[in-house]
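To keep things clear, I will list the structure first and then write my remarks on it.
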């Protein structure tokens, strides 16, 4: 906990805006100035979903607005806790603890980041994209998002030509393209303009279109369901690319005290059990899936 001392804040966050989407997906914007000022892509918040439910739920950050002191979340209802959170309305207050966790790290020697998000793993990738446009405008990223429920945004044709992307795969997330970051979508549900297949299959099309010099500039960043992350890690290893993954685990305390979210991680000293909440949630993919 010492590495995180004085960096995790408890705030009463007023809900400023709320939007429901198909597939039991919800977007919230809240007032949380301390978290907004210090959060990084990959951080999450531990939220009290209802005054009568003391057990908090970990929710990934979608975006932060430091000047306004505001934070955005996008989440999907999976159980009782997130269902209660989905019922909260504008004007109500949430108790939020955050930002928590080890974030993603962008490297200047790898200026061609590949961002892969699946399902509820999409928000951290949007946050990484936001950090790229704010702090690394010279980078040449590509974002690939996958979902088996309707995407929580209006699909539009991309304005960017991306080498290697199959013809007809043109659907994109408008927000990130407004940031001049090309994006493509994948699904097995037959959504118009989306790649019919897995995110890793679409990523391979792009990687195979790069020359060796371009491929040497790629670093993979990913968040999503465990099987997807395992496939992303295997793909990155196949191409010899560094890869950072954000893990999703059930959490109790969320701040490293209970050790209820430990996973085995390979270290130079051998295998170690590390806590996803504060030692992660971002890990080197090879250390977790190697």
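The values are calculated or read from the model by the stated rules, or taken from the named source; none is laboratory data. Only a predicted model underlies this, so the values are computations on that prediction, with no experimental measurement involved. With ideal geometry, Cβ positions are generated from the backbone for all residues, glycine too; neighbour counts draw on all protein chains shown.
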Taking segment 12-25 as the region of interest, how many residues are in contact (Cβ under 8 Å) with a residue 40 or more places away in the chain, under 16 Å from residue 77 (Cβ atoms) and surrounded by fewer than 20 Cβ atoms within 10 Å (Cβ to Cβ)?
6
Could you tell me whether residue 98 is more than 24 Å from residue 205 (Cα to Cα) and either outside the structural domain of residue 169 (by TED's automatic domain parsing) or in contact (Cβ under 8 Å) with a residue 24 or more places away in the chain (or both)?
yes
Kindly establish whether residue 86 is at pLDDT 95 or above, part of a loop (DSSP other than H, G, I, E, B) and not assigned by TED's automatic domain parsing to the domain that holds residue 224.
no
Cβ pairs under 7 Å, 6+ apart or interchain, first in segment 154-167 and assigned by TED's automatic domain parsing to the domain that holds residue 200, second surrounded by 13 or more Cβ atoms within 10 Å (Cβ to Cβ) and assigned to a loop (DSSP other than H, G, I, E, B), ordered by first then second residue, are 155/191; 155/193; 157/170; 157/193; 158/170; 158/182; 160/182; 162/182
Test set (1) closer than 23 Å to residue 153 by Cβ; (2) free of Cβ contacts under 8 Å to residues at least 40 places away in the same chain - residue 51 fails condition number
(1)
Which of the numbered conditions does residue 74 fail, given that it passes all the others? Conditions: (1) farther than 20 Å from residue 153 by Cα; (2) surrounded by 15 or more Cβ atoms within 10 Å (Cβ to Cβ); (3) modelled with pLDDT of 95 or more.
(1)
Given the criteria part of a helix (DSSP H, G or I) and either in contact (Cβ under 8 Å) with a residue 40 or more places away in the chain or over 22 Å from residue 151 (Cβ atoms) (or both), does residue 68 qualify?
no
Take residue 128 and decide whether it is part of a loop (DSSP other than H, G, I, E, B) and at pLDDT 95 or above.
no
When residue 85 is evaluated against the numbered criteria (1) out of contact with any strand residue (DSSP E or B) (no Cβ under 7 Å at 6 or more places or on another chain); (2) buried (at least 19 other Cβ atoms within 10 Å of the Cβ), which criterion, by number, is the only one it fails?
(1)
Segment 56-65, subset in contact with a helix residue (DSSP H, G or I) (Cβ under 9 Å, 6 or more places away or on another chain) and part of a strand (DSSP E or B), residue surrounded by the fewest Cβ atoms within 10 Å (Cβ to Cβ):
65
Considering 91, 81, which residue is part of a loop (DSSP other than H, G, I, E, B) and assigned by TED's automatic domain parsing to the domain that holds residue 67?
91
crowded, with 19+ Cβ neighbours inside 10 Å and part of a strand (DSSP E or B): does that describe residue 98?
yes
Among the residues of segment 123-139, what is the count of those that are touching a residue at least 60 places away in the same chain (Cβ under 8 Å) and closer than 12 Å to residue 181 by Cβ?
5
Restricting attention to segment 205-223, does a residue exist that is within 16 Å of residue 290 (Cβ to Cβ), at pLDDT 95 or above and touching a strand residue (DSSP E or B) at 6+ places or on another chain (Cβ under 6 Å)?
yes
Exactly one of 29, 53, 40 is surrounded by fewer than 22 Cβ atoms within 10 Å (Cβ to Cβ) and in contact with a helix residue (DSSP H, G or I) (Cβ under 7 Å, 6 or more places away or on another chain), and that one is 53
I need every pair where a residue in segment 174-201 that is not assigned by TED's automatic domain parsing to the domain that holds residue 145 has its Cβ under 9 Å from the Cβ of a residue that is part of a helix (DSSP H, G or I), sequence separation at least 6 or different chains.
none
